[in-house]
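Okay, so here's the structure we're looking at.
The values are calculated or read from the model by the stated rules, or taken from the named source; none is laboratory data. Values in this document were obtained by computation on a predicted structure and should not be read as measured data. Note that each Cβ is placed from the backbone with ideal geometry, even for glycine, and that neighbours are counted across all protein chains shown.
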């Protein structure tokens, strides 16, 4: 049953209400974004029998202070890390566009490529990130790639993926029919409308994050930080964890 928190203005502990298996496409910027943004929810969905597909725009080829590693080498490392992390959460289908990390802009080329991904995957549900989130957690700047991918993905969902006259070459040359996404779940938003109780999946989220060895530094410090993100109304003895989204039902 849904619980409405009128003071906070969000719906808490809302079941998805999906009566059949859903095909869920996750479109985010970098390896480790799915796990950090919504890894516990992804595991919740895969455990429930839904099919989850990752389509990542970059391979994170800039994210290292190690000057002995080239971008090409880091790209290969992060491909492998992402596939391993996805497998922990029950996700087997991981794809990369391999745009250069850090240089993304929400232009027509990116919108076309994400439209192509949507028409190939043909998801019921699409997960991306909020292009309006400039500050993350109130203390960090949100990565510009996150914002660019969020904007391009929303623009691809509507109207480009839906209408055949947008990027007609996708239909004429690649045979990719238009597709209507039924729901968009926007992660990393400062204005969530839905919050899922993911307490029983939180430790698996942490285990998946451990697979991103090139990014996490001290695994123990990561675990402590993630476990500290319990809800304010829970305790360290009986913690509860949630992941919030802006849920947009399109049809």
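What to note about this one:
- From the options 148, 187, residue that is surrounded by 16 or more Cβ atoms within 10 Å (Cβ to Cβ), under 21 Å from residue 50 (Cβ atoms) and at pLDDT 95 or above: 187
- Qualifying positions in segment 193-231 - at pLDDT below 95 and in a loop (DSSP other than H, G, I, E, B): 217, 218
- Residue 171 fulfils the conditions (1) at pLDDT 95 or above; (2) closer than 30 Å to residue 108 by Cβ; (3) touching a strand residue (DSSP E or B) at 6+ places or on another chain (Cβ under 8 Å) except for a single criterion, (3).
- Test: residue in segment 167-178 that is closer than 15 Å to residue 123 by Cβ and either free of Cβ contacts under 8 Å to residues at least 24 places away in the same chain or surrounded by 15 or more Cβ atoms within 10 Å (Cβ to Cβ) (or both): yes
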